[in-house]
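The values are calculated or read from the model by the stated rules, or taken from the named source; none is laboratory data. None of these values were measured; they are calculated from a predicted model. So basically every Cβ, Gly included, is an ideal-geometry build from the backbone, and we count neighbours across all protein chains shown.
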Amino acid sequence: MIGQGSAQDLFDEQLDVRELLRSQSATKWVIISTGMFTSYLFEPFFGILDMENRLINAIGGWDTAVTLTTPDDIGRLTAEIFFTEPQIENEIVYIAGDTITYGDLADIAESLSGRKYELTLSDMEEITDELKKDPTNFVKKYRSVFGAGRGVSWPLENTFNGKNGIPTTSAKQWAKNNMEWEAYNK
């Protein structure tokens, strides 16, 4: 679990809402934990994959894992959860399209591009220093949380979709369908 006081204050607010829901019995609730949007891992603004320079920058460590889910899968699985019988209520439900490490991302990029990527690492000290210099930057907040790796990944077999055999979009499939690997193979 990420826990109170993480670099991303939005998560503190989410934890406050969870506590409020658990403390009452008048309203039925379900919290769906999705991990990171799959696309974020591949977006230049997030600072992990740089296709133009064939560079991958792991945050936290190469073995740091992150759970990823596409918005389409989130919508589809939310509907499945809503209509599940017996009804799910008053619990947290985990879903995922994929759970990978930053090392796995390097393998995905190299296999889809057919090219080697330079691998760099932003360790937690570097990430913390960057955030101290720009403490309101939402990207640096997310990089800190997803670099630390606490509470941001879970095994696919433990997810609602994994337990119910519902297929989702893997990181590799998303990248294959949405990234222009050929454009950077010059």
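Search segment 92-110 for residues being outside any strand (DSSP E or B) and not aliphatic (A, V, I, L, M), and hand back the single one that is farthest from Thr38 (Cα to Cα). Even if it seems obvious, please write down each step before you answer.
At the first step, the residues of segment 92-110 found to be outside any strand (DSSP E or B) are 95-97, 102-110.
Still in the list and also not aliphatic (A, V, I, L, M): 97, 102-104, 107, 110.
Working: Gly97: 8, Tyr102: 13, Gly103: 16, Asp104: 14, Asp107: 16, Glu110: 18 Å.
Among those residues, the one meeting the criterion is Glu110.
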task = Take the residues in segment 61-75 that are touching a residue at least 12 places away in the same chain (Cβ under 8 Å) and in a helix (DSSP H, G or I), then tell me which one is surrounded by the most Cβ atoms within 10 Å (Cβ to Cβ).
result = Asp73
request  = For segment 165-181, indicate whether the set of residues that are of a type outside the set (D, E, K, R), closer than 19 Å to Met51 by Cβ, surrounded by 19 or more Cβ atoms within 10 Å (Cβ to Cβ) and free of Cβ contacts under 8 Å to residues at least 60 places away in the same chain is non-empty.
outcome  = no
For Ala58: the one exception among (1) without any contact (Cβ under 8 Å) to a residue 40 or more places away in the chain; (2) crowded, with 19+ Cβ neighbours inside 10 Å = (1)
ask   = What are the residues in segment 65-93 that are out of contact with any strand residue (DSSP E or B) (no Cβ under 9 Å at 6 or more places or on another chain) and at positive phi, if any?
value = none
task = Return the total of residues in segment 111-127 being surrounded by 17 or more Cβ atoms within 10 Å (Cβ to Cβ) and either assigned to a strand (DSSP E or B) or hydroxyl-bearing (Ser, Thr, Tyr) (or both).
result = 3
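Does Glu118 fit the bill of being of a type outside the set (A, V, I, L, M, F, W, C), under 14 Å from the mean Cα position of the chain (by Cα) and farther than 26 Å from Phe160 by Cα? Break it down stepwise before answering.
Working: of a type outside the set (A, V, I, L, M, F, W, C): yes; under 14 Å from the mean Cα position of the chain (by Cα): no; farther than 26 Å from Phe160 by Cα: yes.
Criteria not met by Glu118.
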ask   = Assuming Tyr40 fulfils every condition listed in (1) of a type outside the set (A, V, I, L, M, F, W, C); (2) over 30 Å from Ile166 (Cα atoms); (3) modelled with pLDDT of 90 or more apart from one, which condition is it?
value = (2)
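With the requirement that a residue be loosely packed, with under 14 Cβ neighbours inside 10 Å, over 20 Å from the mean Cα position of the chain (by Cα) and in contact (Cβ under 8 Å) with a residue 12 or more places away in the chain, what does segment 23-55 give you?
Quick first cut of segment 23-55, residues loosely packed, with under 14 Cβ neighbours inside 10 Å only: 23-28, 43-45, 52-53.
Those still in the list that are over 20 Å from the mean Cα position of the chain (by Cα) too: 23-28, 52-53.
Within segment 23-55, Lys28, Glu52, Asn53 meet the criteria.
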inquiry  = Could you list, ordered by first residue, the pairs with Cβ atoms under 8 Å in which the first is in segment 110-131 and farther than 14 Å from Asp50 by Cβ and the second is loosely packed, with under 15 Cβ neighbours inside 10 Å and not aromatic (Phe, Trp, Tyr), at least 6 apart or interchain?
reply    = Leu112/Lys176; Gly114/Asn185; Leu131/Asn137
task = Identify all residues within segment 37-60 that are part of a strand (DSSP E or B) and among the acidic types (Asp, Glu); write none if there are none.
result = Asp50
